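The values are calculated or read from the model by the stated rules, or taken from the named source; none is laboratory data. Keep in mind it's a predicted model, so treat the numbers as computed, not measured. For neighbour counting, all protein chains shown are included, and Cβ atoms are generated from backbone atoms with ideal geometry for every residue, glycine included. Please note that ligands, DNA and RNA were not included when accessible areas were found on the heavy atoms of the full protein model with its side chains. Shrake-Rupley method; radii C 1.70, N 1.55, O 1.52, S 1.80 Å.
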Amino acid sequence: MNHLQPNQRQALEDAARQACAHAYAPYSRFPVGAAVLTEGGRIVTGCNVENASLGLSCCAERTALFSAVSQGLRRIAALAIYTPTATPTLPCGACRQVLREFAADCLVISLCDGEQPLEKFLEFLLPEPFCAQKPQEPGA
Ligand code: THU
């Protein structure tokens, strides 16, 4: 599902913008909001959550993705990311790889307060992902 309905797209973008209000970014002062749209049409949000031990911080995209997966929602159709900046922000490499786990391809929309949104497909952002062989399920 790579062609979003206009109302779905609007809802996804609004959700990413709203999620940014919850960002916990006292160290970088770079708040980020993210929202994922599942193939079933559900929207799940996330924000970046930093920590005094900086390496423990988590990006907004991964917060949203892990929240979706922990609700049993594993098929991602689109992701929107919002930063209150003049230019759009694309997901970092780690988040691209995590997104790839739950979407062979998906639309990534980057929104900001200045330029027009950037739209890229995950296949373009991460053309050659790491793919480990999954161990066989017992009895499969
Ligand atoms: N950050 C995200 O939330 N998403 C990205 O794709 C890149 C970076 C966060 C991590 C950290 O809290 C802050 O932005 C500055 O790097």
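Evaluation of residue 28 against the conditions (1) in contact with a Leu (Cβ under 8 Å, 6 or more places away or on another chain); (2) within 8 Å of the ligand (Cβ to nearest atom) shows that the sole unmet condition is (1).
Within the stretch 3-14, can one find any residue that is within 16 Å of the ligand (Cβ to nearest atom), touching a residue at least 24 places away in the same chain (Cβ under 8 Å) and crowded, with 17+ Cβ neighbours inside 10 Å? Looking for residues that are within 16 Å of the ligand (Cβ to nearest atom), touching a residue at least 24 places away in the same chain (Cβ under 8 Å) and crowded, with 17+ Cβ neighbours inside 10 Å, one finds none in the stretch 3-14, hence no. Among the residues in the stretch 46-62, are any touching a residue at least 60 places away in the same chain (Cβ under 8 Å) and either within 16 Å of the ligand (Cβ to nearest atom) or surrounded by 14 or more Cβ atoms within 10 Å (Cβ to Cβ) (or both)? No, because not a single residue in the stretch 46-62 is touching a residue at least 60 places away in the same chain (Cβ under 8 Å) and either within 16 Å of the ligand (Cβ to nearest atom) or surrounded by 14 or more Cβ atoms within 10 Å (Cβ to Cβ) (or both). Taking the stretch 63-90 as the range and being open to solvent by less than 30 Å² (accessible area, probe 1.4 Å) and under 17 Å from residue 29 (Cα atoms) as the test, the residues that pass are 81, 82, 83, 88. Scan the stretch 83-93 for residues that are near the ligand (Cβ under 10 Å from one of its atoms), closer than 16 Å to residue 116 by Cβ and not β-branched (Val, Ile, Thr) and the total you get is 1.
A single member of 86, 103, 80 is within 18 Å of residue 49 (Cα to Cα) and hydrophobic (A, V, I, L, M, F, W, C), and it is 80. From the list 104, 77, the one residue that fits, being more than 16 Å from the ligand (Cβ to nearest atom) and at pLDDT below 95, is 104.
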